[in-house]
Amino acid sequence: MHLDLLLVGLGNVGRRFAQLLGERRDRLERDYQLTTRIIGIASGRHGGIFDPAGVDLSQALAAAGIGPLRGGLELIAAAAGSPAGAPRVVIETSPLNIEDARPAIDHVRLALLSRIHVVSANKGPVALAYRELHALADRMGVQYLFEGSVMDGVPIFNLVRETMPAVDVTGFRGVINSTTNYIITMLEDGGELGPALAEMQRRGIAEADASLDVDGWDAAAKTAALVNVLMDGGIVPRDVERSGISGLTGAAVRDALSRGKRIRLVAAASREGGRVRARVAPEELPADDPLSLLRGISNSLFIETDLLGRVGVTQLDGGLTQTAYALLSDLVTIGRAR
């Protein structure tokens, strides 16, 4: 199976994904009979280019500007208007816009309407318009996959979709924001919020707008995405009760530690009557709580189910490579389905 790729967004995750394609090229072809070619690139800052014969990514990156196309919508429109010799996939990695998920939601919608598959690491469209986009993908006969939108490369959505048939998810609880967990760990060790956040920005792990991490919006968007996909909740981030860590001090964190407790930013959801209640807030946890053991950029999610009880997944090492891998994993899923 051969897939032609359109890269929409070329930040840290998009570039690492492009590198992974090269690093895993032989294995993808050998194990999954999957080959790929980049035929378009779009960057909000540097413009875009489309060439059905293939785009030299390194050459495009070396240029002052990538090309004349003005962003992702023009790139997708150009691809939609060009004869396709192979299935095409939009790789959407634009930054999170917590207000309305644009332009990411427009990228996804246009691609699906054009019968182009979408693989995304952007949690915004899943958090604000999952039902619409999922139904649109089904109607157009293409796939919309987003494993990298929550917990980097850990297969949360795949886990439920592929390995838990006929199971209802009744709730979940976890630590799902790497940046804030790293910051809290540094506070425990005597550090300060500012330098810890700067380190997450340097590594490319924090959101482009780091206040989304610190104020709890990133975790709220991920919580909404999990509720929408796993629990069919139909909520948006503003429906999530939210409290971030901006008011959390090193003294408070270390005081909890001196009493055998640990503070973590916990995301949780549960069904109460006919509705879903979702919450993100710092919680003081006992030492034997599995979430209290998470340090640094670790993440963990415990899913409550009706038949399997509580199922937990933990990621000890998150970051750019893991998020980029999620994109690669979704690409393999599309290749297998074809």
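The values are calculated or read from the model by the stated rules, or taken from the named source; none is laboratory data. What you see is a predicted model; the values in this text were computed from it and never measured. Backbone-built Cβ (ideal geometry, glycine too); neighbour counts: all protein chains shown.
Quick one: is Val55 among the hydrophobic types (A, V, I, L, M, F, W, C), part of a loop (DSSP other than H, G, I, E, B), within 24 Å of Tyr325 (Cα to Cα) and in the same structural domain as Leu328 (by TED's automatic domain parsing)? For Val55, the condition - among the hydrophobic types (A, V, I, L, M, F, W, C), part of a loop (DSSP other than H, G, I, E, B), within 24 Å of Tyr325 (Cα to Cα) and in the same structural domain as Leu328 (by TED's automatic domain parsing) - is met.
As a summary of the residue check, Pro237 satisfies the conditions (1) out of contact with any Phe, Trp or Tyr (no Cβ under 7 Å at 6 or more places or on another chain); (2) surrounded by 16 or more Cβ atoms within 10 Å (Cβ to Cβ); (3) under 14 Å from Asn177 (Cβ atoms) except for the one numbered (1). Filter segment 127-185 for residues that are surrounded by fewer than 24 Cβ atoms within 10 Å (Cβ to Cβ) and in a loop (DSSP other than H, G, I, E, B) and give the result. Residues satisfying the conditions are Gly141, Val142, Gln143, Gly153, Val154, Pro155, Met164, Pro165, Ala166, Val167, Asp168. Counting the residues of segment 188-203 that are within 30 Å of Val311 (Cβ to Cβ) and either modelled with pLDDT of 90 or more or surrounded by fewer than 16 Cβ atoms within 10 Å (Cβ to Cβ) (or both) gives 2. If you filter segment 257-278 down to residues that are touching a strand residue (DSSP E or B) at 6+ places or on another chain (Cβ under 7 Å) and surrounded by fewer than 18 Cβ atoms within 10 Å (Cβ to Cβ), you find that the one that is modelled with the lowest pLDDT is Arg271. Scoring Arg310 on the criteria (1) under 20 Å from Glu162 (Cβ atoms); (2) in contact with a helix residue (DSSP H, G or I) (Cβ under 7 Å, 6 or more places away or on another chain) leaves a single failure, condition (2).
Whenever a residue of segment 129-152 is among the basic types (Lys, Arg), its partners that are part of a helix (DSSP H, G or I), lying with C-beta atoms within less than 9 angstrom and at least six residues away or across chains, give the pairs Arg131/Asn228; Arg139/Leu112. Of all residues in segment 274-295, those that are among the small types (Gly, Ala, Ser) have Cβ atoms under 6 Å from Cβ atoms of residues that are surrounded by fewer than 16 Cβ atoms within 10 Å (Cβ to Cβ), 6 or more apart or on another chain, in Ala287/Gly260. The set of residues from segment 28-74 being of a type in the set (Ser, Thr, Tyr) and modelled with pLDDT under 85 comprises just one member, Ser58. So which residues in segment 198-216 are part of a helix (DSSP H, G or I) and closer than 20 Å to Ala256 by Cβ, if there are any at all? Selection gives Val214 alone. The set of residues in segment 302-338 that are of a type in the set (Lys, Arg) and touching a residue at least 40 places away in the same chain (Cβ under 8 Å) comprises Arg336, Arg338.
Contact annotation: residue pairs with Cβ atoms under 6 Å, 6 or more positions apart or on different chains, pairing a residue in segment 2-28 that is in a loop (DSSP other than H, G, I, E, B) with a partner that is surrounded by 20 or more Cβ atoms within 10 Å (Cβ to Cβ), are Gly9/Thr93; Gly9/Ser94; Leu10/Ser43. Residues that are in contact with a Ser or Thr (Cβ under 8 Å, 6 or more places away or on another chain) and either of a type in the set (S, T, N, Q) or at pLDDT 95 or above (or both) occur in segment 225-233; there is at least one.
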